[in-house]
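See below for the structure under consideration.
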Amino acid sequence: MTKINLKDVLRTPKGTRDLLPEEVAVWQKIEERAREVAEYYGFRPIRTPHIEHTELFTASLGEASDVVEKQMYSFVTRGHDKLTLRPEGTAPIMRAYMEHGMRAWPQPVMLYYNGSFFRHENPQRGRYRELGQFGFEILGDDSPVADAMIIRMLTLVLEELGIKNFTVHINTLGDKECRGDYKKELVQYLRKKVNYLCKDCKIRLKQNPLRVLDCKDPNCAEIKAGAPQMIEYVCAACKSHFKEVLEFLDELGIPYLLDHALVRGLDYYSRTVFEIFLDEKKPEEKKKKKEEVKTENAEVTEAADAVKPQEKPALNIAIAGGGRYDYLGKMLSSKDIPATGGAFGLDRLTDAARELNINLARKKAPKLFLIQLGSHAKKKSLALAEEFRQANIPLAMSFSRDSIGSQLKIASRLGVGYVVIIGQKEAFDETAIVRNMEAGVQETIPLPRLLSYVKNKLKSK
Ligand code: HAM
């Protein structure tokens, strides 16, 4: 009989951990909050298996990505299938979208998910081999508002949890064509400095030069700082897409920094990419920083003013990350499926929530439902939703392209007293229709008066 090494067996495998009852309670409350936000905004749940065909990931994340090269738990089954424990959720969701003919569903398809993912990484603070993620994906939509919406979902969950000191690092990777032009320039520049690059970056330069910008080695930092910047090479269409995303973020008051070194590690990304970092700055300092950044972003092309790599927060691990992946559909089939998404690391969020001692009391049921029809109305509605949130008025809304009829049905199912409707006409007139659900009557109110009008109505109920 083989002798058991109890010292090893009585410990969780390297990079994994037990979550004890108190930790599970925090974790579950975070999931609950995230689910509430997702459902309010019209996302629907999806679950995919923990195992997938290995090729799903090699074909989509990129052979030269760290995840595929070093971190996948892959194995051959007794039936000779090559399978992998899922390292991330986006490729499986695109697979599910195709497998279940979701192209025939009303677009965009907005999904959320939550579960364990597996990466054979070097364990350190906030880095586990079994990690929890809560993610949002919008498939079948190429508009900048969808990118902003994803960032809004993630930051809203943070705000709901009482986490205020965060910054969205954002960049654009352009599309295939303009990224190609940029890559050429970057390679030319890096070749001149090749002797000073770290060992890994010498390989990256050959296989995937953009990843040099992602290198954490201090020796490469100086080289990165002098590198040409993507924003100067993107085509007019990509630049205007990015500019609109930033305008949405401005409108929503979401703090962000242009980070030209942000490239993300996976091949499927194009155009908008982002990561959210928790910073340890005091709120006053933060506010100042936000104002500075806003002025900088008045013109996206002012690349020189944007954040330098060494300005990244001290706690240099991202709490969330994501971006647009318009080419993933094409990588897996011949279909063009524009899409965007993002995911939280639940381990990191739980750790942050516990460190910040956040209040996880239950949320109140919604009293109001916001219906928006058309892209202009959506833009107005995102900012309006924020006003209601700050005024502490529980609100639900659906971001999908559902008809007014089906949105009203959701509102009545939720039992809200009032529905605010903004169509294209109202958005241009700066008005909104307020409908009393019980009496079935409605009134048109100018947007500047909307909040006080709704407050009065709810008070007198
Ligand atoms: P990701 O940036 O690789 O993106 O992971 C998302 C988040 O998961 C990270 O920001 C981090 O908080 C957490 N995370 C990643 N690795 C670990 C780890 N080893 N230990 C603990 N937490 C970790 C993705 O996975 C994309 N699928 C996100 C996405 C969705 N893009 C588009 N849609």
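The values are calculated or read from the model by the stated rules, or taken from the named source; none is laboratory data. Source: prediction; values computed, not measured. Glycine gets a Cβ as well: all are built from the backbone with ideal geometry, and neighbour counts include every protein chain shown. Side chains included, ligands, DNA and RNA excluded: accessible areas come from the protein's heavy atoms. Shrake-Rupley method; radii C 1.70, N 1.55, O 1.52, S 1.80 Å.
List of remarks:
- Among the residues of the stretch 188-221, those that are of a type in the set (A, V, I, L, M) and farther than 19 Å from Thr172 by Cβ comprise Leu190, Val194, Leu197, Ile203, Leu205, Ala221.
- Lone unmet requirement of (1) out of contact with any strand residue (DSSP E or B) (no Cβ under 9 Å at 6 or more places or on another chain); (2) in a loop (DSSP other than H, G, I, E, B) for Glu121: (1)
- Test: residue in the stretch 22-29 that is open to solvent by less than 10 Å² (accessible area, probe 1.4 Å), within 16 Å of Phe344 (Cβ to Cβ) and out of contact with any Leu (no Cβ under 6 Å at 6 or more places or on another chain): no
- Checking Arg179 against (1) touching a Lys or Arg at 6+ places or on another chain (Cβ under 7 Å); (2) closer than 27 Å to Arg324 by Cβ, the condition it does not meet: (1)
- Taking the listed residues Ala237, Ala148, Ala221, the one that is under 30 Å from Ala396 (Cα atoms) and either part of a helix (DSSP H, G or I) or open to solvent by 40 Å² or more (accessible area, probe 1.4 Å) (or both) is Ala148, with no other qualifying.
So that you can scan it fast, the table gives a plain yes or no per residue for (1) touching a residue at least 12 places away in the same chain (Cβ under 8 Å); (2) open to solvent by 30 Å² or more (accessible area, probe 1.4 Å); (3) part of a helix (DSSP H, G or I):
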| residue | (1), (2), (3) |
| --- | --- |
| Leu154 | yes, no, yes |
| Val168 | yes, no, no |
| Lys184 | no, yes, yes |
| Val187 | yes, no, yes |
| Asn195 | no, yes, yes |
| Asp200 | yes, yes, yes |
| Leu205 | yes, no, yes |
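- Taking the stretch 381-461 as the region of interest, the strands (runs of 3 or more DSSP E) fully inside it that hold 3 or more residues being at pLDDT 85 or above are 418-422, 431-436, 441-446.
- Subset tally (residues that are away from the ligand (no atom under 15 Å from the Cβ), farther than 14 Å from Phe117 by Cα and either among the acidic types (Asp, Glu) or at pLDDT 95 or above (or both)) for the stretch 59-82: 9
- For the stretch 51-81, the tally of residues that are in contact with a helix residue (DSSP H, G or I) (Cβ under 8 Å, 6 or more places away or on another chain), assigned to a strand (DSSP E or B) and hydrophobic (A, V, I, L, M, F, W, C) stands at 0.
- Residue match in the stretch 128-144 (condition: over 18 Å from the mean Cα position of the chain (by Cα) and surrounded by fewer than 16 Cβ atoms within 10 Å (Cβ to Cβ)): no
- All positions within the stretch 111-169 that are within 11 Å of the ligand (Cβ to nearest atom) and of a type in the set (Val, Ile, Thr): Ile138, Ile150
- Criterion violated by Arg103 - all others in (1) open to solvent by less than 20 Å² (accessible area, probe 1.4 Å); (2) in contact with a Phe, Trp or Tyr (Cβ under 9 Å, 6 or more places away or on another chain); (3) more than 15 Å from the ligand (Cβ to nearest atom) satisfied: (1)
- Flag if Leu56 is within 16 Å of the ligand (Cβ to nearest atom) and either surrounded by 19 or more Cβ atoms within 10 Å (Cβ to Cβ) or under 26 Å from Arg127 (Cβ atoms) (or both): yes
- Residue match in the stretch 260-279 (condition: open to solvent by 10 Å² or more (accessible area, probe 1.4 Å), over 26 Å from Ala339 (Cα atoms) and either modelled with pLDDT of 90 or more or not in a strand (DSSP E or B) (or both)): yes
- Residue count for the stretch 4-28 under the criterion of being in contact (Cβ under 8 Å) with a residue 24 or more places away in the chain and in contact with a Lys or Arg (Cβ under 9 Å, 6 or more places away or on another chain): the result is 6.
- Matching residues, the stretch 320-371, being within 12 Å of the ligand (Cβ to nearest atom) and either among the charged types (D, E, K, R) or at pLDDT below 95 (or both): Arg324, Asp326, Asp347, Arg348, Leu349, Thr350, Asp351, Ala352
- None of Thr84, Thr90 is within 16 Å of the chain's Cα centre (by Cα) and buried (at least 20 other Cβ atoms within 10 Å of the Cβ) except Thr90.
- Members of the stretch 39-50 found to be in contact with a helix residue (DSSP H, G or I) (Cβ under 7 Å, 6 or more places away or on another chain) and more than 30 Å from Leu373 (Cα to Cα), listed by number: Thr48
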